[in-house]
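Heads up: the structure comes next, in structure tokens.
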Amino acid sequence: RKSLSLFQRFDIVTKVLGWDNKYFYLVQYFQVKQDIYAMALVKARFLRTGSPALQPSAILDLINIKNESPPLPEWIKTWYDADQKFYKYAIMD
């Protein structure tokens, strides 16, 4: 959206959009005052060496959060499906 200058101060804001049985879905943005300079949508998993990935429910238990995920917007599912197709396409080469 906008370029940051070298050494310009900014905040990185992270918001949890929700989760399913495998991933957390986050939005992160670089903000200067009230202006958003860049945004990213993040699909995150917590991995352990030599073990299966931790499910979001296990992470939430560790930090004593018992809430259900907020309903994920339909565009998250569309993005997830597109991401899966892109991954399969990318690894074919």
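The values are calculated or read from the model by the stated rules, or taken from the named source; none is laboratory data. Fair warning: this is a prediction, and the values are worked out from it, not measured in the lab. Every residue, glycine as well, gets a Cβ built from its backbone with ideal geometry; the counts of neighbours run over all protein chains shown. Please note that ligands, DNA and RNA were not included when accessible areas were found on the heavy atoms of the full protein model with its side chains. Shrake-Rupley method; radii C 1.70, N 1.55, O 1.52, S 1.80 Å.
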Completion exercise
Across the range 36-52, the tally of residues that are over 26 Å from VAL13 (Cβ atoms) and either in a loop (DSSP other than H, G, I, E, B) or not hydroxyl-bearing (Ser, Thr, Tyr) (or both) stands at 4
Completion exercise
Of those in the range 36-54 that are without any contact (Cβ under 8 Å) to a residue 24 or more places away in the chain and in contact with a Lys or Arg (Cβ under 7 Å, 6 or more places away or on another chain), the residue most open to solvent (accessible area, probe 1.4 Å) is ARG45
Exercise for the section: Might you check whether a residue that is part of a strand (DSSP E or B), at negative phi and open to solvent by 60 Å² or more (accessible area, probe 1.4 Å) occurs anywhere in the range 64-81? Expected result: no
Practice task
For the range 4-15, enumerate the residues that are under 22 Å from the mean Cα position of the chain (by Cα) and open to solvent by 80 Å² or more (accessible area, probe 1.4 Å).
Solution key: PHE10, ASP11, ILE12, LYS15
Practice task
Determine whether LYS88 is out of contact with any His (no Cβ under 7 Å at 6 or more places or on another chain), part of a loop (DSSP other than H, G, I, E, B), over 24 Å from ARG1 (Cα atoms) and open to solvent by 60 Å² or more (accessible area, probe 1.4 Å).
Solution key: no
Exercise for the section: Determine if the range 16-35 includes at least one residue that is hydrophobic (A, V, I, L, M, F, W, C), outside any helix (DSSP H, G or I) and loosely packed, with under 13 Cβ neighbours inside 10 Å. Expected result: no
